[in-house]
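See below for the structure under consideration.
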Amino acid sequence: MAPAMPQSQESAPAKGRFITFEGGEGSGKSTQVQRLLSKLAARGIETVATREPGGSPEAERLRRLLLSGAIAPLGADAEAIVFAAARIDHLDKTIRPALEEGCFVICDRFIDSTRAYQGATGKVDASLIADLEKVAAGETMPDLTIVLDVPVDIGLERARGRGEGADRFEQEQKAFHEAVRQSFLETAKSEPQRCIVIDATQPAEKIEQQIWRAVEKRFLKGDEDVGKPRRKAGASAAKAAKRPPRKKSGKIAP
Ligand code: TYD
């Protein structure tokens, strides 16, 4: 096994990797995103943590509109289009530049959430979903999608336990959340090279181990030049200053 050793900035360009997390309400995505970020950092790999909707300043503005319900009166198609518009900016400003730099991009929700929340719930036609996906994501598909699967009742109970005010999408009926869950499972079944499903009712440590095994197996086992080594403090400060706002272990600052 060849561990991903830190390499000099002058070596051949490293390959970034795009990892997305998907799952219904209360599936524990945020916890697992944080744990994966820590493990990658410990391995010396630079990461960018981001989320959808949002992940760039303009997309965060659209996020606020979407989650407040302000777009809903325009109809489901318009809502799907706004999710796609946010995605276009997020990819342009945050995801693609980070991948080009060789970072591992860890994104909390991506295209599969649109397929599930807008498509599978019967609100938006599958052909519009597919077209929006093509326009927004294009070639930039995730290298790995981790679906955290939890039965709807358990997930909603957990989400309620967090005591957060329910946003526009959390308020939907149980049948809606069931359709969302089935959509994630169906996508994973139809795209097994990209997706893995993890039973999110397991203890967090076990889930973390399973995710790490999958990431290691896919990206960190070969001799490939994978991932950009983390910069030493003070290195490339000018370059770093040009980047969009990002947190090493958290969501993008709006
Ligand atoms: P968020 O607060 O990020 O919730 P979670 O912790 O569940 O990820 O809210 C994002 C909401 O937006 C979530 O309910 C799913 C919904 N959503 C869509 O409906 N379509 C999409 O394309 C995306 C990315 C999210």
Item to check | Which of Leu65, Leu148 has the fewest Cβ neighbours within 10 Å, and the rest in rising order | outcome: Leu65, Leu148
Next on the checklist: What aspartates and glutamates does Lys189 reach when the alpha-carbon gap must be under 16 Å and sequence neighbours fewer than 8 apart in one chain are set aside?
Outcome noted: Glu22, Asp112, Asp143, Asp149, Asp199
Checklist entry - Karplus couplings for region 84-96 from phi (6.51 cos²θ - 1.76 cosθ + 1.60, θ = phi - 60°), rounded to Hz, Gly and Pro as x? => result 5, 4, 4, 5, 4, 5, 4, 5, 5, 8, 10, 5, 4
Checklist entry - Tell me, what HN-Hα J-couplings in whole Hz come from the Karplus equation 6.51 cos²θ - 1.76 cosθ + 1.60 at θ = phi - 60° for each residue of region 142-156, using x for Gly and Pro? => result x, 6, 8, 10, 9, 9, 8, 9, 9, x, 4, 4, 5, x, 5
Checklist entry - For region 17-242, with only Lys/Arg (+1) and Asp/Glu (-1) charged at the beta-carbon, what is the dipole magnitude about the Cα centre, in debye rounded to 20? => result 880
Checklist entry - What list of ³J(HN,Hα) couplings, whole Hz, do you get for region 58-71 from phi and the Karplus terms 6.51, -1.76, 1.60, once you set θ to phi - 60° and write x for glycine and proline? => result 5, 5, 5, 5, 5, 4, 4, 5, 4, 6, 7, x, 5, 8
Item to check | Cut-off under 5 Å, modelled amide H: who pairs with Gly55 long-range | outcome: Glu60
Checklist entry - Pulled fully out, how much extra length does the chain show between Ala126 and Ala78, if you take 0.36 nm times their separation in residues and subtract their Cα-Cα distance? => result 15.9 nm
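Given the pairs Lys39/Lys174; Lys15/Lys206; Lys174/Lys206; Lys206/Lys228; Lys15/Lys217, which span a C-alpha to C-alpha distance of over 23 angstrom in this model? Could the numbers behind the result be given before it?
Details: Lys39/Lys174 35 Å; Lys15/Lys206 28 Å; Lys174/Lys206 28 Å; Lys206/Lys228 27 Å; Lys15/Lys217 16 Å.
Table pairs above 23 Å Cα-Cα are Lys39/Lys174; Lys15/Lys206; Lys174/Lys206; Lys206/Lys228.
Is the C-alpha gyration tensor of region 1-156 telling us rounded, prolate or oblate? Criteria: a/c under 1.5 is rounded; beyond that, a/b larger than b/c is prolate, otherwise oblate. Write out the running numbers ahead of the final one.
Values: a/c = 2.22, a/b = 1.60, b/c = 1.38.
Verdict is prolate for region 1-156.
No value in this document is a laboratory result; all are computed from the given coordinates. The structure displayed is predicted, hence computed values, not measured ones. Cβ atoms come from the backbone with ideal geometry, glycine included; neighbour counts cover every protein chain shown.
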